Amino acid sequence: MLDKIFWPDETPVAPVFPNNGLFRIHGIVTEADLTTSGFVVGKVGQTTGFTFGRYSSHLDACTNEAGVQPIEALIYNYNNTSNDFSEPGDSGSAIFAGDGRFVALLHSGEYKNSTTHVSNGTPAYFVVEQLQARYTDVNFDQHTC
């Protein structure tokens, strides 16, 4: 069933989703990959649980009050009838693609007509770059279990 959500119009090219609910997130969606819009993403949040959304390739590039141009990945609700992708309490959730790659780290949402219109995340490639710059021995490619 999850394959049909992540790849509604094509044959999946991803791992089978395990029945035990433990889906390994491995690899990251690169900055170049983020130029492709509309792919389906998922996340498991403390408030909303497992939800689906659609990634927008329009990275938010507005300059803030401090003159800094933050990098934001924008995630829209899956469709017009789906529940909100995120709600307060979901911050810190990993947003992932159907192939298991880390897309972004959820941190906020914008409301419109009392529903989350768009959710914001920091792109994974940027999160990983910052962690590797600060912690030189960090290894995101290690497999345990």
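A few points about this structure:
- Residue in region 110-145 that is modelled with the highest pLDDT, counting only those that are under 20 Å from residue 33 (Cα atoms) and in a loop (DSSP other than H, G, I, E, B): 140
- Meets criteria (at pLDDT 80 or above, of a type in the set (Val, Ile, Thr), surrounded by 10 or more Cβ atoms within 10 Å (Cβ to Cβ) and within 17 Å of the chain's Cα centre (by Cα)) for residue 103: yes
- Filtered residue count, region 20-31, keeping only those that are assigned to a loop (DSSP other than H, G, I, E, B) and surrounded by 14 or more Cβ atoms within 10 Å (Cβ to Cβ): 6
- Residue 6 fulfils the conditions (1) under 24 Å from residue 122 (Cβ atoms); (2) modelled with pLDDT of 60 or more except for a single criterion, (2).
- Matching residues in region 65-89 - criterion: being in a loop (DSSP other than H, G, I, E, B) and within 12 Å of the chain's Cα centre (by Cα): 85, 86
- Residue match in region 32-53 (condition: of a type in the set (Asp, Glu), within 24 Å of residue 139 (Cβ to Cβ), surrounded by 10 or more Cβ atoms within 10 Å (Cβ to Cβ) and modelled with pLDDT of 75 or more): yes
The values are calculated or read from the model by the stated rules, or taken from the named source; none is laboratory data. It should be emphasised that the depicted structure is a prediction, and the values quoted were computed from it without experimental measurement. We place every Cβ from the backbone using ideal geometry, glycine too, and count neighbours over all the protein chains shown.
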